[in-house]
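Working notes for the structure below.
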Amino acid sequence: MLSLLKRYRTLLIVGALLLYPFGSFLTTGRRGREPNVLDRAVIGLTAPLQRGLVGLIDGVKAMVFGYLDLREVRQENEQLRAENLQLRASVQALGEARVENDRLRGLLGYSESSPGPDIAARVIGVNPVSKLLSVRINRGESDGVFRGMSVVTPDGIVGQVVRTTGGWADVALVTDAQSRVGVRVQRSRSRGTAAGAGKGPLQLENMLRTEDIQEGDLIITSGTDGVYPPGLVVGTVTHLEKTEHGMFLGGDIVPAVDTTRLEEVLVRGNAFGSMAQSQQEGGTR
């Protein structure tokens, strides 16, 4: 018993000091007597402890409610963040759809204004081999696409079909090193050749030094190569090289179409493509 009293001595003293004012209030509260010296001493001793306990309780309560409020705010923030991501994704998808619709609308308008039937196609692959700069489209023989047909966009020429199967075709780009396009200067009607260089601008070839050509001139197809119809945009002259000797001059032609950003194209028939189609149809009979 003595060991228990010693162990809990402090707790018993504090409890007695706290219980004394309460008991005193119960016994004399109705009479409302003035506190005596002992009462004042006990109140003086217990008041700081009571204030501390009240402050501790208020602090714990504030901390608990603060944690609950913070947890609710955090959950709300996470929900708002998720909704924000969904809205941004939706806006981005709508923006991409609007851009694609604008491209397709321009492609459709250009196709309707062209003299012959065009076949709309989407670029589904890019040939990584530098020996043949080409792209793959999702239209083939079953869609009426044959080797030799020209491929264009509303901005200008893209290339020509070099290989085709039932459901897809490969298009050699105008920038390929083996590409040659018969061209003329739109302003002066001077005739020459635009040759692919593998990368960068096209090279102007077979243009006589005496021809009327200037930097900034628009270059269009001449229709003499059997691939591209006449009058399609090829690019713009940015640099001319006139030597003192020789019959021809050189120059750079910046392509009108950025072949690295192709998404939709039009396959256009021509004499060479029609001939190839006739030969293939004759072979199947």
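The values are calculated or read from the model by the stated rules, or taken from the named source; none is laboratory data. Keep in mind it's a predicted model, so treat the numbers as computed, not measured. Cβ coordinates were reconstructed from backbone atoms using ideal geometry, including for glycine residues, and neighbour counts include every protein chain displayed. These area figures cover heavy atoms from the full protein model, side chains too; ligands, DNA and RNA do not enter into them. Shrake-Rupley method; radii C 1.70, N 1.55, O 1.52, S 1.80 Å.
Things worth noting here:
- When each of G140, G144, G125 is tested for being at positive phi and either touching a Phe, Trp or Tyr at 6+ places or on another chain (Cβ under 9 Å) or at pLDDT 75 or above (or both), the lone residue that passes is G144.
- The set of residues in region 163-173 being open to solvent by less than 50 Å² (accessible area, probe 1.4 Å) and either out of contact with any helix residue (DSSP H, G or I) (no Cβ under 7 Å at 6 or more places or on another chain) or among the acidic types (D, E) (or both) consists of A169, D170, V171, A172.
- Verdict on G159 being touching a strand residue (DSSP E or B) at 6+ places or on another chain (Cβ under 9 Å), open to solvent by 20 Å² or more (accessible area, probe 1.4 Å) and assigned to a strand (DSSP E or B): no
- Filter result for Q178 (at pLDDT below 95 and surrounded by 14 or more Cβ atoms within 10 Å (Cβ to Cβ)): no
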